[in-house]
Structures are given as structure tokens and as C-alpha cells.
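Colleague: If you scroll down you'll find the structure; I have some questions about it.
The values are calculated or read from the model by the stated rules, or taken from the named source; none is laboratory data. Values in this document were obtained by computation on a predicted structure and should not be read as measured data. When we count neighbours, we look across all protein chains shown, and the Cβ atoms used for this are built from the backbone with ideal geometry, even at glycine. With ligands, DNA and RNA removed, areas are computed over all heavy atoms of the protein, side chains included. Shrake-Rupley method; radii C 1.70, N 1.55, O 1.52, S 1.80 Å.
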Amino acid sequence: MISKNKVLGLIFASMHDDSVIDLTKKRTMGSIPFGGRYRLIDFPLSNMVNSEITQVGVITKSNYGSLLDHLGPGREWDLARKKGGLDLLPPYSRVDSGMYRGRLEALNGVRDYIQHTSSEYVVMSDCDIVTTIDYRDVLDFHIESGADITVVTGKAFYDSSKAHAMVVGTDDNNRITDIMINPQMSGECNLCLNMFVISNEFLKELVITSASKGKYSFSKDVLQAYTDEYKIMAYEHKGYFSKIDNIAGYYEANMALLDTENRNNLFNKVAPIYTKIRDNGPVRYGIEANIKNSLIADGCVIEGTVENCVICRGVKIGKDAVVKNSVLMQDTFVDEKCCIDTVITDKNVEIGEGKVLTGSSSYPLYIGKGAKI
């Protein structure tokens, strides 16, 4: 087993912001609320901490104010340390770097940070996959297979409506032989889960070489271009996961948590998902409240009917209001006698008395942050 101090974790908080542009107008992908009380970055960050990775750098791009507020010094993840710990890496970290276009340019922007660590290996992850994974198993696989790069994959249904999807083909030894980016096909495939393991030295070599040639896409300019030359291995993650690749995918991933089996697979005592704690009281239910199959976070006041919903902290639902099949983010207020079905409300939304709002599972109705209806 490799020493935990020899592994650096890198999380790309903004890599797929354009997949869910409605949700990322005022925040990064990593700070999107999820599952009632979490943010998307909580999952890769907790996975790294649970895998004994104690030095983690979070690479940001823009609109990262709420992300900084959420992460703070990293105390909730036990990363508020003098040695190692959590580091926030904004763009323009180097004099010759700018706003990056792809993963390679982002890595070039934090090249000094990577060089000054004592890590032998680097684990990279985005924030668009919701899962629980032990990176120690991936690292062992990477070392034992002698891979140059290990790509974490998972079997899932794919169609061409998915954004930023990479489908991989492998041989009998799990070596990747083919990589397709956003292919025009459908069916069950081996999807790249945007998690990678690579040695520090090899990563630095790739970044420096790519920068000198003006290359910026890790997927196209490294994985796809050098499939035959480099030994790129696929580690199949067989646990539960959801991929947030559009607004419907975000909705489906939240709704999937209402299934007890999915919820138990994602959240377990052995590898808990940590998040920033707010000092809210417990949920307060009115006398006429009627709740069915819903996740309701602390600090909520529920006086109406809630069915098949994911309700974030501080939400208030008035008397005789009916909310079904919806995701309500923090501090949403639904007034009396409203009827809400298949709706996503962002933070601090106010829905006035008697309003009727309806979407569909394939295209849920989204209401932007701070809107008043």
C-alpha cells in the first residue's frame, strides 16, 4: 500500500460548468447543491479524504465565491492542516497562465503547485459524478498494471444527448484500445467517470510538452491521441454513480436518492460524505402536513403536502400547498395553496400564493436563484 503522503488529489471544480449552464450562472459546478444538504464537490473531496489523501488542491475558474464559502479552510473534511490539507487554486496562478480552456491548461496553471509537492502519484477528479469510491483500490490497480494513466470507468446507458461524454473500449486485460468523445450512438457503454490516476513525473512531462505545443484538452490531446503509444488502463467502478451532464441529469440524480437502495449505496458509515454544517434546528411539521417518500433537510418548515421531493435546508412550504416530484434548494419559500410539480427551484426563490407550476421529468421547470413568482 502506497503511503498516503505520497498522493496528491486534484479536483476540478469548474470543468463542466457549461453542461448545466442554468445552475452555474452564479456558481461553479462543484458548489451546486445536491441531495438536500450537500454540494457536488463534497463527493470527490470526501472520497479523497476517506482514501487517506490528505493534500488536495481544488482548481477553480470563475464564480467561485460560494465554493470558497462552502469549503473554508477544509475543517469539515479534516483538511485544516499545517502540512498538506486543502488548497484553493484560482486561475492565473502562474504569470504566463490565463483562463484555461481545458484540463491541460488548467494543470499548466497550477504546475508550480504540483512540482512543489512530494507526491509520487496524482488522483484527479471532476465534480460531475456523484458516487462513493475508494481511490486506494484505483491506485493499487494503477501500480500493479504498470499503467501510464488509469481511467476510472463505469457501465451506464449512453445516448448522444449527454454532454461531455467519453466512451471507452478495452481489451481483455482492461487496456483502453478506443476512445470516443460524444459519439452518435446509444446503449450501455463503458463511460469515463472523469477520474484519473497518473504519476507526478509523467503528469508534469505531459503538461510541459502540451503547453509548448498549444494543446489544452486532456481527453483529445492525450487520451485519444496516444491510446496506442501510452499504456492507458481502465479501472471499472462497480458502485452506484450518477453523472450530472445536463439539467435533466441533475434532476434524475436527485430523484434517484428517493430509492432506498441507491441512497444506501451512496451514503454508508464506512465512507461518509462530509459537508459544511449549518446550525439549523430540526424540520418543523405543521398539523396538516402530509409527507411521502421525500428527503427533507434540517431547518425546513412544512405545513402542506410534499411527495417524492428533495428539499434542501431552510425551505418553507405553506398550508394547503402541494409540492410533488421536485427539487427545492436552500431557503425556497412556497406560499399557501400553490401546486408545484416537477420543478427545480434555485436558492432563495419565492413562489406566491396560489401559483401553479409544472414541468416534466425529461425537462423539469427550472426557476433561477432569487426569483419571485
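Colleague: So who's got an amide H within less than 5 Å of the one on Y235, skipping anything under 5 residues away but keeping other chains? H placed 1.01 Å off N, in plane.
Modeller: The list, which skips near neighbours in sequence, is V151, V152, T153.
Colleague: Let me ask something else. Per residue of region 124-131, in order, report the coupling 6.51 cos²θ - 1.76 cosθ + 1.60 (Karplus, θ = phi - 60°) as ³J(HN,Hα) in whole Hz, putting x for Gly and Pro.
Modeller: 10, 8, 9, 10, 8, 10, 9, 6
Colleague: Shifting gears a bit: Debye sum, Cα scatterers, region 125-189, no solvent: what log₁₀ I/I(0) at q = 0.14 1/Å?
Modeller: -0.50
Colleague: Listed highest first by mean packing, meaning other Cβ atoms within 10 Å per residue, what order do 361-368, 41-48, 299-306 come in?
Modeller: The packing order, highest mean first, is 41-48, 299-306, 361-368.
Colleague: How much accessible area per residue does region 102-208 have, counting only protein heavy atoms and a probe of 1.4 Å, in square angstrom?
Modeller: On the way: 3980 Å² over 107 residues.
Using a 1.4 Å probe on heavy atoms only, each residue of region 102-208 averages 37 Å².
Colleague: What ranking, highest mean first, results for peptides 169-182, 69-82 when packing means the other Cβ atoms within 10 Å averaged over each residue?
Modeller: 69-82, 169-182
Colleague: Using the Cα atoms as the points, what is the convex hull volume per residue of region 250-373 in Å³?
Modeller: Numbers: hull volume 12.8 nm³, N = 124.
In region 250-373, the Cα convex hull volume per residue is 103 Å³.
Colleague: Between helix 135-145 and the chain, what is the angle of the helix's C-alpha long axis to the longest principal axis, kept within 0 to 90° and rounded to the nearest 10?
Modeller: 30
Colleague: Give K204/K347; K61/K220; K269/K324; K6/K155; K61/K82; K25/K238 a once-over and call out the pairs whose C-alpha atoms are over 28 Å from each other.
Modeller: K204/K347; K269/K324; K6/K155; K25/K238
Colleague: Please list, ordered by chain and number, the residues whose modelled amide H lies under 5 Å from the amide H of E350; skip anything fewer than 5 residues away on the same chain.
Modeller: F333, A371, K372, I373
Colleague: Further question: Using the 2.2 N^0.38 Å rule of thumb for compact globular proteins, work out how region 3-140 stacks up: its C-alpha Rg over that value, please.
Modeller: Compared with the compact-globule rule of thumb, region 3-140 sits at 0.99.
Colleague: Over the chain, what is the percentage of antiparallel beta bridges among all DSSP beta bridges, to the nearest 5?
Modeller: Taking every DSSP beta bridge within the chain, about 35 percent pair in antiparallel fashion.
Colleague: Please report, to two decimal places, log10 I(q)/I(0) for the chain at q = 0.13, 0.14, 0.15 Å⁻¹ as given by the Debye formula with identical point scatterers on the Cα atoms and no solvent.
Modeller: -1.04, -1.18, -1.32
Colleague: Related question: What is the diffusion coefficient of region 121-253 in µm²/s, taking the Kirkwood radius over Cα pairs and the Stokes-Einstein relation at 20 °C with a viscosity of 1.002 mPa s?
Modeller: 140
Colleague: How big, on average over all directions, is the shadow cast by the Cα convex hull of region 295-364, in nm²? Each step should come with its number before you reach the end.
Modeller: Details: hull surface 14.7 nm².
Approximately 3.7 nm², given one-decimal rounding.
Colleague: When the accessible area of the chain is computed with all protein chains present and a 1.4 Å probe, what percentage of it is carbon and sulfur?
Modeller: Answer for the chain is 45 percent, counting heavy atoms of protein chains only.
Colleague: Explain nothing, just the number: relative contact order of region 194-334, from Cα pairs under 8 Å at least 6 residues apart, as a whole percent.
Modeller: The value is 13 percent.
Colleague: Name the long-range amide H neighbours of A165: under 5 Å, sequence gap of 5 or more, or other chain; modelled H, no Pro or chain starts.
Modeller: When sequence neighbours closer than 5 places are left aside, the close amide H contacts are N182.
Colleague: If one computes the Cα centroid of region 262-325 and of region 109-182, what distance in Å separates the two points?
Modeller: The two parts, judged by their Cα centres, are 34 Å apart.
Colleague: Suppose we keep just the alpha-carbon trace of region 181-319; what are its Rg and Dmax in angstrom?
Modeller: Computed over the Cα atoms of region 181-319, radius of gyration and Dmax are 22.0, 67 Å.
Colleague: For the chain, what does -39500 (n - 2.57) per DSSP helix run (n ≥ 4), summed and divided by total residues, give at 222 nm, in deg cm²/dmol to the nearest 500?
Modeller: For the chain, the value works out to -5000 deg cm²/dmol.
Colleague: Over the Cα atoms of region 99-148, what Rg and Dmax result, in angstrom?
Modeller: Over region 99-148's Cα set, Rg and Dmax evaluate to 13.4, 37 Å.
Colleague: Something else about it: Distance between Cα centroids, region 193-257 to region 21-46: provide it in whole Å.
Modeller: Here the two parts' Cα centres lie 19 Å apart.
Colleague: Could you do me a favour and compute the accessible area per residue for region 240-373, 1.4 Å probe, result in Å²? Please report the intermediate quantities before stating the final value.
Modeller: Details: 6190 Å² over 134 residues.
The answer is 46 Å² per residue.
Colleague: When Lys and Arg each count +1 and Asp and Glu each count -1, what net charge do the other residues less than 11 Å away from H237, Cβ to Cβ, add up to?
Modeller: -1
Colleague: Report, to the nearest 10°, how far helix 247-256 tilts away from the longest principal axis of the Cα atoms in the chain, using its own Cα long axis and a range of 0 to 90°.
Modeller: That helix lies at roughly 70 degrees to the long axis.
Colleague: When only C-alpha pairs under 8 Å and at least 6 residues apart count, what is the relative contact order of region 262-373, in percent?
Modeller: 15
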